[in-house]
Amino acid sequence: MSDGDNKELIQVLKRMEKQLSDIKDDLADIKRQMPKVPYYGDLLQDIIKAVENIHK
């Protein structure tokens, strides 16, 4: 590879790194905006307890 090819490759990799960083930031923003939900295991335990309490 020539120096020109190396420089072009470096520029492409830098652009890719910037885009990946932007995607990472966007995903973090989306995650923060999503409503908090309990884990399914916790939810199932709550349902089991509620059903047990109904029968008492």
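Structural remarks
- Selection status of LEU9, at pLDDT below 85 and either assigned to a helix (DSSP H, G or I) or among the β-branched types (Val, Ile, Thr) (or both): no
- Criterion violated by PRO35 - all others in (1) surrounded by fewer than 10 Cβ atoms within 10 Å (Cβ to Cβ); (2) part of a helix (DSSP H, G or I) satisfied: (2)
- Residues that are of a type outside the set (D, E, K, R) and either at pLDDT below 90 or open to solvent by 100 Å² or more (accessible area, probe 1.4 Å) (or both) within region 18-27 comprise GLN19, LEU20, LEU27, listed in sequence order.
The values are calculated or read from the model by the stated rules, or taken from the named source; none is laboratory data. Values in this document were obtained by computation on a predicted structure and should not be read as measured data. No Cβ is skipped: glycine too gets one built from the backbone with ideal geometry, and neighbour counts run over all protein chains shown. Surface accessibility is based on the protein's heavy atoms, side chains included, excluding ligands, DNA and RNA. Shrake-Rupley method; radii C 1.70, N 1.55, O 1.52, S 1.80 Å.
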